[in-house]
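Novice: Encoded as structure tokens, here's the structure I'll be asking about.
The values are calculated or read from the model by the stated rules, or taken from the named source; none is laboratory data. Quick caveat: nothing in here was measured; it's all calculated off a predicted structure. Positions of Cβ are backbone-derived with ideal geometry, glycine not excepted, and every protein chain shown enters the neighbour counts.
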């Protein structure tokens, strides 16, 4: 993987589309195509739960402190809240990241 997947800017926008969502960090963007969850401490909130979208929007203004693509995408924001992408499923791509330099990282389902 050549591009770093750790955005330097805080989360500035969350965009919800019919079957995926985007996390926008000024000039960088994650597009999340698979089911995801938000982990707050030992509690996990799945994408199907009421309030999931509100929890994502609540991350606006926060910076990602750690990002990992192994075994699946995990973005840990300041304060310890993590957004984690599920692996598997029927979609062709799990997620994609466009860096400020224009490089793209695409993680496909195995």
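Novice: Testing residue 29 on (1) touching a strand residue (DSSP E or B) at 6+ places or on another chain (Cβ under 8 Å); (2) touching a residue at least 40 places away in the same chain (Cβ under 8 Å); (3) part of a loop (DSSP other than H, G, I, E, B), one condition comes back false. Which one is that?
Specialist: Only one criterion in (1) touching a strand residue (DSSP E or B) at 6+ places or on another chain (Cβ under 8 Å); (2) touching a residue at least 40 places away in the same chain (Cβ under 8 Å); (3) part of a loop (DSSP other than H, G, I, E, B) is unmet by residue 29, namely (3).
Novice: If you scan the range 45-75, which residues turn out to be surrounded by 15 or more Cβ atoms within 10 Å (Cβ to Cβ), more than 16 Å from residue 14 (Cα to Cα) and out of contact with any helix residue (DSSP H, G or I) (no Cβ under 7 Å at 6 or more places or on another chain)?
Specialist: 67, 69, 72, 73, 74, listed by residue number.
Novice: For the list (1) closer than 17 Å to residue 81 by Cα; (2) more than 13 Å from the chain's Cα centre (by Cα); (3) not in a strand (DSSP E or B), I need the number of the one condition that residue 56 fails.
Specialist: Just one mismatch for residue 56, condition (2).
Novice: So which residues in the range 32-44 are without any contact (Cβ under 8 Å) to a residue 40 or more places away in the chain and either surrounded by 13 or more Cβ atoms within 10 Å (Cβ to Cβ) or part of a loop (DSSP other than H, G, I, E, B) (or both)?
Specialist: 41, 42
Novice: Every residue in the range 1-26 that is within 24 Å of residue 101 (Cβ to Cβ) and part of a strand (DSSP E or B), please.
Specialist: The answer is 13, 14, 15, 20, 21, 22, 23, 24, 25.
Novice: Taking the residues in the range 78-110 that are modelled with pLDDT of 90 or more and either farther than 21 Å from residue 24 by Cβ or under 10 Å from the mean Cα position of the chain (by Cα) (or both) as candidates, determine which candidate is surrounded by the fewest Cβ atoms within 10 Å (Cβ to Cβ).
Specialist: 80
Novice: Here is a follow-up. Could we say that residue 102 is without any contact (Cβ under 8 Å) to a residue 12 or more places away in the chain and at positive phi here?
Specialist: So residue 102 fits the description; yes.
Novice: Considering the range 8-31 alone, what residues qualify as being at pLDDT below 95 and buried (at least 16 other Cβ atoms within 10 Å of the Cβ)?
Specialist: Answer for the range 8-31, where residues must be at pLDDT below 95 and buried (at least 16 other Cβ atoms within 10 Å of the Cβ): just 20.
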